[in-house]
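Report on the structure given below.
Just so it is clear, none of the values below were taken in a lab; they were calculated from the coordinates. The structure displayed is predicted, hence computed values, not measured ones. Here the Cβ positions follow ideal geometry from the backbone for every residue, glycine too, while neighbour counts run over all protein chains shown.
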Amino acid sequence: MDCLFCKIIAGEIPSTKIYEDDKILAFRDINPQAPAHILVIPKEHIGGVDELNSENVAIVSHIFAKIAEIAKNEGLEKGYRVVSNVGEHGCQSVRHLHFHILGGSQLNGSMV
Ligand code: AMP
């Protein structure tokens, strides 16, 4: 499968890792949209939120538990945003489920 994030998980493409365990990886976004911009992904290939189902959704609770830890470690006590773009209308550019953590400064109040 030709998936950029699967190649990052496999170590075929370098990344700046923040956190890793047997199920997930967190790394810095190559094109940061905020002072802190981290991506959290499952190691299992899931295309996006639209491919979640009762069989694979448990990974999302693990990801969110770690997002809280990662944000604390990054010093984002004043807050942050968690975003997952889905499909064409959601402007998803990498078809591997990922959650953006954005913070480190006051974010725009607009969601779109
Ligand atoms: P999305 O547009 O929501 O699918 O987000 C994909 C994100 O992956 C974008 O914010 C990109 O900047 C980021 N990205 C693409 N290639 C890399 C890479 N090699 N390392 C880190 N982040 C990347």
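A few notes on this one:
- Approximate spin-label separation Lys17-Asn85, in nm, with each point projected 7 Å along Cα-to-Cβ: 2.6 nm
- Ranking Gly48, Ile101, Phe5 by how far each Cα lies toward the positive end of the dipole of the chain (charges on Cβ) leaves Ile101 at the top.
- A Cβ-based charge dipole, computed about the Cα centre of region 17-112 with Lys and Arg at +1 and Asp and Glu at -1, lands at about 300 debye.
- Gyration tensor over alpha-carbon atoms, the chain, equivalent ellipsoid semi-axes in Å: 21, 16, 15
- Relative contact order %, the chain, counting alpha carbon pairs below 8 Å whose residues are six or more apart: 31 percent
- Cross-link pairs beyond the 18 Å C-alpha cut-off, checked among Lys23/Lys72; Lys17/Lys43; Lys43/Lys72; Lys7/Lys43: Lys23/Lys72; Lys43/Lys72
- Cys6-Ser105 pseudo-label distance in nm [points 7 Å out on the Cα-to-Cβ vector]: 3.7 nm
- Against the chain, whose longest principal axis comes from its Cα atoms, helix 58-73 is set at around 30 degrees.
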